[in-house]
Amino acid sequence: MKRRTAKRDVQPTELGLGAAQLGNLYRETTDAEALGAVDVAWERGIRYFDTAPHYGLGLSEKRLGGALARYDRAEYTVSTKVGRLLVPSPETAHRVDDGGFAVPAATRREWDFSRDGILRSLEGSLQRLGTDRVDIVYLHDPDDHFEAASTTGVDALVELRDQGVVCAIGAGMNQSPMLAEFVRRCDVDVVMVAGRYTLLDDAAAHDLLPTALERGVGVVAAAVYNSGLLSSARPPADARFDYEAAPAALVARANALADVCERHGVTLPEAAVAFPLLHPAVVSVVVGSRTAAQVESNVERYEAPIPDELWTELRHEGLIA
């Protein structure tokens with residue numbers, strides 16, 4: 001699988017595996033399913049894996065680290081995140097996590113972008129991943145904490161980068177304006193934008209992507225299916241967009257996109273995976289998978305040939321910029 005180069009010579013594969021579902025996102029994933037997903041990803045050439053403490057209160061990191069331990073550490077890129085510190089919470093251990101993951105709430109998340117919080121968070125991630133270094137560390141969803149994240153948070157990551165504990169640093173968010181501000185103000189190497197550079201929402205094209213390209217910062221595009229609206233050949237009746245019921249106007253636009261795709265022998269999800277990689281600032285597309293079959297499907301979508309005429313017609317129809 002092709003790799004693209006970001007700053008600090010970080011070279012993720014064009015398709016990456018998002019490991020939120022390995023942390024029991026919405027429902028339980030078995031250990032066997034998690035291991036199978038990573039193994040098939042490796043067999044099909046994926047060498048970029050993204051996780052976070054937030055995903056299953058550390059379960060995703062543990063499962064991903066265990067699965068990757070059987071492979072050559074020098075061959076793959078792994079990213080995790082900081083800013084949501086995991087703190088023991090025995091008093092809530094009898095409950096189920098209220099953050100969207102089907103795991104016991106034996107720990108709780110605390111926002112912390114201080115130097116100490118960043119160091120403690122990464123130390124926990126390294127232990128769960130079973131490694132002594134992480135290739136990319138993102139500040140995780142600092143929407144309401146920009147001041148702390150862009151000062152003490154970034155400073156702590158720069159310190160870790162200088163020490164060689166991490167290779168590249170940045171931020172990961174579901175919006176593009178603040179990510180663009182991080183790129184303008186801070187010494188970051190790569191950023192992850194979720195859902196804001198897709199066939200249905202290209203907001204990042206107007207601020208983040210040109211800024212990143214100018215500064216030489218790599219962009220990882222995640223959530224390219226926009227919570228499922230673009231994950232099927234035709235949007236399902238209960239289609240969701242950004243984790244909520246999809247507005248009728250967006251469903252209609254997704255169907256219009258599908259009409260053009262079908263005329264060119266391409267499926268909507270194939271185009272959804274390919275679209276972000278057209279931009280020179282984008283270094284990888286990260287897609288979440290729960291099982292080996294889902295990984296296989298995503299790789300097939302990535303490998304599908306996309307004729308240039310498809311993009312020409314989508315532009316002509318006003319469906320993409």
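Where a number appears in this text, it was derived from the coordinates with a stated rule and is not lab data. Keep in mind that this is a model prediction, so the values were computed, not measured. Cβ placement follows ideal geometry from the backbone for every residue including glycine, while neighbour counts extend to all protein chains displayed.
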Within the stretch 179-191, is even one residue out of contact with any Lys or Arg (no Cβ under 7 Å at 6 or more places or on another chain), in a strand (DSSP E or B) and surrounded by 17 or more Cβ atoms within 10 Å (Cβ to Cβ)?
yes
Which of (1) touching a residue at least 24 places away in the same chain (Cβ under 8 Å); (2) over 14 Å from the mean Cα position of the chain (by Cα) is the odd one out, the single condition E14 does not satisfy?
(2)
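Anything in the stretch 114-133 that is free of Cβ contacts under 8 Å to residues at least 60 places away in the same chain and crowded, with 21+ Cβ neighbours inside 10 Å? List them, or say none.
Initial filter on the stretch 114-133 (free of Cβ contacts under 8 Å to residues at least 60 places away in the same chain): 114-120, 122-123, 126-127, 132-133.
Those that are free of Cβ contacts under 8 Å to residues at least 60 places away in the same chain and crowded, with 21+ Cβ neighbours inside 10 Å: I118, L122.
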Just the residues that are within 19 Å of F49 (Cβ to Cβ) and of a type in the set (S, T, Y), please, taken from the stretch 131-176.
T131, Y138
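For residues that are in contact (Cβ under 8 Å) with a residue 12 or more places away in the chain, within 24 Å of Y138 (Cβ to Cβ) and out of contact with any Leu (no Cβ under 7 Å at 6 or more places or on another chain), tally how many sit in the stretch 90-101. Before you say what the answer is, go through the steps one by one.
So in the stretch 90-101, the residues in contact (Cβ under 8 Å) with a residue 12 or more places away in the chain come out as 90, 92-93, 97, 99-101.
From what's left, within 24 Å of Y138 (Cβ to Cβ): 97, 99-101.
Next, only the ones that are out of contact with any Leu (no Cβ under 7 Å at 6 or more places or on another chain) stay: 99.
So the answer is 1.
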Which of the numbered conditions does V285 fail, given that it passes all the others? Conditions: (1) touching a Leu at 6+ places or on another chain (Cβ under 7 Å); (2) of a type in the set (A, V, I, L, M); (3) surrounded by fewer than 21 Cβ atoms within 10 Å (Cβ to Cβ); (4) under 29 Å from F49 (Cα atoms).
(3)
Restricting attention to the stretch 8-38, the residues that are more than 23 Å from I136 (Cα to Cα) and of a type in the set (D, E, K, R) number exactly 4
